[in-house]
Amino acid sequence: MLLRQLEYLTTLAREKHFARAAEACYISQPAMSAAIRKLEAELHVQIIQRGNRFIGFTPEGERILKWAYRILAERDALIEDVGAMREGLSGRLRIGCIPTALCVVPILTSLLCQDQPRVRVQVSSMTSIEIQRGLSQYGLDVGVTYIDNEPLTGVRTVPLYSERYLLLAAEDDLDDGESATWAEAAEHPLCLLSEDMQNRRILNSVFEQAQAKPQPAVETNSISALYAHVREGPWATVLPHSWLLRFGVPEGMRAVPLAEPQISKTIGLVLHDRDPEPILARAFVDTARRVDLDELLDATTPG
């Protein structure tokens, strides 16, 4: 068995097309097919469902694919580990982050890159489900997501900060109080994240707990689009307090804490549960533990 054969499998799983997968691997399609057939003969199982086009993997092929992701990830980790002993940390750290935490990640990545200037960082905006899948398939090194809400599997977690929630609305639409209830928030014309976002599912459960039924006028999976709508239009929103760190409060608007019920959720790092930990992921965790994000975020939050 050659590592190259496993790379063919993972590329085919990504491209879902023989010709595109072969092109991505810089070989001909017949050469890729022959390499996969050779692997099937060696393992005595059929890996690919046969057809005129790529249909998918057999159950045995799905199991082999999981091992392929793991073996290739361990290969990459070995190269990084040995390279760090010789020249210091280098390579690319792949981070998947839920949209509501994207504004906090630069605090950590900037510190990491100051300490390790040869490290490159790739940050992707993802749903929590996509982060779980990315870690399972070794396409991510670290995720930033909720760690105390929906279940996570096969990962280690490191808490970063507690996310609290504010109502952002026009000053004229808010009472003079220092807080608002979730029931009051539901009465506003709201702009919220879409249902595929875990943040929205959290908000839905809290509104239900408060026996309130909001009717969002605008839904989006983009933080920047949400903020732009709230800034330009007649809408309010329920936002995590971390957003104020980067976006602030638009002119003519006010942000007040939400109470009744008062709730918080923990945002944290998630990384694949394996030993030894990949050296870049470990460096990022060590960097995160040096920063008190709760104190930093509280300093910019009303109430």
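The values are calculated or read from the model by the stated rules, or taken from the named source; none is laboratory data. Computed from a prediction, not measured in an experiment: that's the story for all the values here. Neighbour counts are summed over all protein chains in view; Cβ atoms, including those assigned to glycine, are modelled from backbone coordinates with ideal geometry. We work out accessible area using only protein heavy atoms, side chains counted, and drop any ligands, DNA or RNA first. Shrake-Rupley method; radii C 1.70, N 1.55, O 1.52, S 1.80 Å.
Consider region 220-239. How many of its residues are farther than 21 Å from residue 268 by Cα, touching a helix residue (DSSP H, G or I) at 6+ places or on another chain (Cβ under 8 Å) and open to solvent by 50 Å² or more (accessible area, probe 1.4 Å)?
1
Being among the aromatic types (Phe, Trp, Tyr) and at pLDDT 90 or above, is that true of even one residue in region 274-297? Working first, answer last.
Just the residues of region 274-297 that are among the aromatic types (Phe, Trp, Tyr), to begin with: 284.
Keeping just the survivors that are at pLDDT 90 or above gives 284.
The answer is yes; a qualifying residue exists.
Which members of region 1-56 meet the condition of being out of contact with any Pro (no Cβ under 9 Å at 6 or more places or on another chain) and among the small types (Gly, Ala, Ser)?
13, 19, 21, 24, 28, 31, 33, 34, 35, 41, 51, 56
Kindly state which helices (runs of 4 or more DSSP H) lie completely within region 197-303 and contain at least 1 residues that are of a type in the set (A, V, I, L, M, F, W, C) and farther than 30 Å from residue 73 by Cα. Spell out how you get there, then give the answer.
Working: elements: 198-209, 223-232, 243-247, 279-288, 293-298.
Once the helices (runs of 4 or more DSSP H) in region 197-303 are filtered for at least 1 residues that are of a type in the set (A, V, I, L, M, F, W, C) and farther than 30 Å from residue 73 by Cα, what remains is 198-209, 223-232, 243-247, 293-298.
So which residues in region 130-161 are more than 14 Å from the chain's Cα centre (by Cα), part of a strand (DSSP E or B) and either farther than 14 Å from residue 288 by Cα or among the aromatic types (Phe, Trp, Tyr) (or both)?
If the condition is that a residue be more than 14 Å from the chain's Cα centre (by Cα), part of a strand (DSSP E or B) and either farther than 14 Å from residue 288 by Cα or among the aromatic types (Phe, Trp, Tyr) (or both), then 156, 161 are the ones that fit.
Are there helices (runs of 4 or more DSSP H) fully within region 1-96 with at least 1 residues that are within 24 Å of residue 140 (Cα to Cα) and of a type in the set (A, V, I, L, M)? List them.
In region 1-96, the matching helices (runs of 4 or more DSSP H) lie at 3-15, 18-24, 59-87.
When you go through 267, 263 one by one, which is the residue that is at pLDDT 95 or above and either more than 30 Å from residue 82 (Cβ to Cβ) or more than 19 Å from the chain's Cα centre (by Cα) (or both)?
So the residue among 267, 263 that is at pLDDT 95 or above and either more than 30 Å from residue 82 (Cβ to Cβ) or more than 19 Å from the chain's Cα centre (by Cα) (or both) is 267.
Considering each residue of region 181-196, count those that are under 19 Å from residue 231 (Cα atoms), part of a helix (DSSP H, G or I) and open to solvent by 10 Å² or more (accessible area, probe 1.4 Å), and give that number.
1
Filter region 107-129 for residues that are open to solvent by 70 Å² or more (accessible area, probe 1.4 Å) and part of a helix (DSSP H, G or I) and give the result.
Listed by number, the residues that qualify are 114, 115, 129.
Given the conditions (1) open to solvent by less than 20 Å² (accessible area, probe 1.4 Å); (2) of a type outside the set (Lys, Arg); (3) touching an Asp or Glu at 6+ places or on another chain (Cβ under 6 Å), and given that residue 266 satisfies all but one, which numbered condition is not satisfied?
Result: residue 266 passes all but (1).
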